[in-house]
1. So what's the back-of-envelope 222 nm ellipticity for the chain, counting only DSSP H runs of four-plus at -39500 (n - 2.57) apiece and dividing by all residues, rounded to 500?
2. Say the dipole of the chain comes from +1 at the beta carbon of Lys and Arg and -1 at that of Asp and Glu; which of 284, 252, 163 then lies farthest toward its positive end?
3. Taking the radius of gyration and the Kirkwood hydrodynamic radius from Cα positions alone, what is the Rg/Rh ratio for the chain, to two decimal places?
4. Would you grab the residues whose amide H sits under 5 Å from the one on residue 309? Only those 5+ places off in sequence or on another chain, please, with H modelled 1.01 Å from N.
5. Suppose we keep just the DSSP beta bridges with both residues in the chain; what percent of those would be antiparallel, to 5?
6. So how strong a dipole does the range 211-262 carry about its Cα centre when Lys and Arg Cβ are +1 and Asp and Glu Cβ are -1, to the nearest 20 debye?
7. Quick check for me: using +1 on Lys/Arg Cβ and -1 on Asp/Glu Cβ, what's the dipole size of the range 20-116 about its Cα centre, in debye to the nearest 20?
8. Contact order normalised by length for the range 134-288, with contacts defined as Cα pairs under 8 Å and 6 or more residues apart; what percent is it?
Amino acid sequence: MNLIYRPRRLRQNPSLREAIAETRWAPSQLWWPVFVTEGKKVSRQHPLISGLQTISIDQIYSTLKEAASHKIGGIILFGVTEKKDSKGTFALDKNSTVIKAIKEIRSRFPDLLVATDIALDPYTDHGHDGLFDGKKILNDETVEKLCEMSILHAKAGAHIVSPSDMMDGRVEAIREALDEESFVDVSILSYTAKYASCLYGPFRDTLKAKVKGDKKTYQMDPRNRREASRELELDINEGADMVMVKPASWYLDVISDFKDQSTVPVFSYQVSGECGMIELAAKNKMIDRNRGILESLDCLFRAGSDAVITYFAIEAAKLNSER
Ligand code: PBG
């Protein structure tokens with residue numbers, strides 16, 4: 001055959017493939033979600049997802065030592081507590097576990113970037129991210145609480161606050177609140193397009209959060225793409241330093257849109273159900289686990305993610321350096 005174009009020429013050996021790979025990423029682009037709880041000597045792994053860990057404060061040093069040694073980008077902290085009530089009171093406690101954890105991490109690992117999740121759901125008995133009057137999630141009243149929570153986290157030493165609640169106007173309100181308290185250097189990583197997804201199950205089990213009803217009045221409809229661009233426009237105008245798409249793998253179009261339509265860093269969150277599906281498929285010998293982890297991340301970066309939050313962060317950092 002007299003073919004002029006033979007794309008296979010560039011695929012014939014590993015060095016050549018490596019030389020022309022369009023997507024590369026480093027451990028510094030992986031962020032690990034960490035769950036902290038009360039008590040001592042607690043170190044629990046999710047039965048299916050080994051990277052989904054709940055630890056007490058005294059376990060922070062031993063747990064994060066490895067993470068830090070792999071030079072992952074940072075961690076994002078969540079609280080796990082039995083102290084739940086209708087208003088999520090413990091979220092605003094100056095001695096909450098998350099506050100203590102931020103201080104411990106900042107003093108033990110001065111170079112590790114610390115982000116904290118801002119929402120009420122770990123602390124409410126109805127499992128919602130905001131205040132709930134029995135019928136509605138109250139937007140503006142919730143935003144006030146999120147501002148207070150952000151200030152507490154900033155005071156404890158968080159570098160980044162990350163509102164995951166999807167209330168309207170929260171980015172601007174949090175920015176103003178932080179600035180008023182002189183935390184002008186604390187940045188906001190907004191969960192800009194967060195969808196009402198079926199993929200949050202293992203996370204909610206970890207938080208012991210039983211959601212009354214669903215979150216469809218504030219999280220986005222998975223059928224909507226242009227609406228995500230609307231959220232992006234608003235978040236940027238409100239002062240978000242970084243934006244996020246969540247979940248990640250089923251939302252590659254949205255990640256790609258965010259990359260094209262903005263000039264801020266784009267994060268994606270490979271959520272618990274996504275990691276769980278990979279674990280289950282591997283367990284059932286349907287896919288190779290290591291390849292599944294790497295391919296899922298390669299594709300998130302290819303789509304336009306500048307960084308990925310994932311339960312596989314530490315393992316993926318290792319796997320990536322070995323390939
Ligand atoms: C809620 C929140 C959720 C996750 C992060 N922040 C779940 C939810 O909206 O119910 C999910 C993360 C995951 O599944 O890994 N503030």
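Laboratory data are not the source of any read-out in this text; all were calculated from the coordinates shown. On a predicted model such as this, the values are computed, not experimentally measured, just so you know. Note: ideal-geometry Cβ built from the backbone for every residue, glycine included; neighbour counts use all protein chains shown.
1. -12000 deg cm²/dmol
2. So the residue furthest toward the plus end is 284.
3. For the chain, the value is 0.99.
4. The answer is 31, 268, 269, 270.
5. The answer is about 10 percent antiparallel.
6. The dipole of the range 211-262 has a size of about 340 debye.
7. Dipole of the range 20-116, to the nearest 20 debye: 200 debye.
8. Averaging sequence separation for qualifying contacts and normalising by length gives 23 percent for the range 134-288.
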